[in-house]
1. Of the listed peptides 58-69, 112-123, 260-271, 191-202, what is their order by residue-averaged count of other C-beta atoms within 10 Å, with the highest listed first?
2. Relative contact order of the range 59-201: what whole-number percent is it, with Cα pairs under 8 angstrom and at least 6 residues apart?
3. Can you give the Rg and Dmax of the range 1-106 based on its C-alpha atoms, in angstrom?
4. Could you compute the FRET efficiency for residue 100 and residue 228, with r as their C-beta to C-beta distance and R0 at 41 Å, rounded to 0.05?
5. For the range 62-161, what is the convex hull volume of the alpha-carbon atoms per residue, in Å³?
6. With each pseudo-label sitting 7 Å past Cα toward Cβ, what's the residue 108-residue 30 distance in nm, one decimal?
7. If I stretch the segment between residue 283 and residue 214 completely, what's the gain in nm (0.36 nm per residue apart, minus their alpha carbon distance), one decimal?
8. For 236, 90, what's the fewest-to-most ordering of other Cβ within 10 Å of each Cβ?
Ligand code: ATP
Ligand code: LTN
């Protein structure tokens, strides 16, 4: 039986955070034996926010190395840079003509990013979810692992794909979202009402995968909590709830067991324990990452191979799409 297909993407907009790891990348690795997986460093998406060329290049390679360091075997998964596979942009344009302005206006990520980048609300930022749709349907993906923040984009992807199929016949597979039960929304340490995000301006809000043990522990010690001094999950305790969910993810223990473990203990003790558990989890990945980054030529060669494989997988879908629309072959 042929394996089902998974596609997911991550933007090279900074150093990946604990949020990207717990909400997305740690699950990618688990899915990779059961599915035929494509994971892309989506640099075409990254330029919807202005990027310094040398920084974009560094971020791209670093992120690519993180994918491998976190356990994704490039022989078993198709790992590549989106910009090296032109079919993404080609299908992205086509699907722009099947997406309505009304539906794009509803996208909350567009609203958030426009507010943060008021001097550069470009057309790419607006049509970003259509390119994301193309990324997914280009490979006839069945499943798309994402964090909670991406659910709305996946709903839109399904709507656009269904609309296209209604006009031209069963061309695209309609994908399902895979949102992990815990870790799907890791919040900022300083601002637990907002998602931890790697392009954030406040480095104390985020744990970056590259942070040293000392920095990690310091950031957790400074994490914003509350004055109630009990360690439990509750809507009115976003800081502590977030720390519990992080501790649960990195230790593999249930949240209720974590609450029991710290029953009667103070916040200082708890924050130290979370920091240590996170640092310990990241350490082996950081070592592997450093090793991969020491040989950029090999890293680029692995990416080129991935891009070739992705381009071959994308070609049949792009061909039937063009034929269906009426383009001359
Ligand atoms: P940016 O800050 O540039 O918008 P980001 O960190 O929010 O980037 P990506 O790194 O591109 O987003 O997201 C990759 C994947 O990680 C997505 O599936 C996203 O849903 C997930 N993800 C990102 N941040 C978090 C978080 N804080 N909690 C859970 N999942 C997250
Ligand atoms: N929009 C996503 C990144 C992304 C993606 C994708 C995720 C681009 N293309 C395709 C899943 C599938 C983000 O902002 N995190």
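1. Output ranking for 58-69, 112-123, 260-271, 191-202: 58-69, 191-202, 260-271, 112-123.
2. On the way: 128 pairs, mean separation 29.1, N = 143.
Reported relative contact order: 20 percent.
3. Cα-based Rg and Dmax for the range 1-106 come out at 15.1, 45 Å.
4. 0.30
5. Per-residue hull volume (Cα only) is 133 Å³.
6. Computed distance between label sites residue 108 and residue 30 equals 2.4 nm.
7. Extra length available between residue 283 and residue 214 comes to 23.7 nm.
8. By the 10 Å Cβ count, ascending, the order reads 236, 90.
Computed from the coordinates by the stated procedures, all read-outs in this text should not be read as laboratory data. It should be emphasised that the depicted structure is a prediction, and the values quoted were computed from it without experimental measurement. Counting neighbours? That spans all protein chains shown, and the Cβs are built from the backbone with ideal geometry, glycine included.
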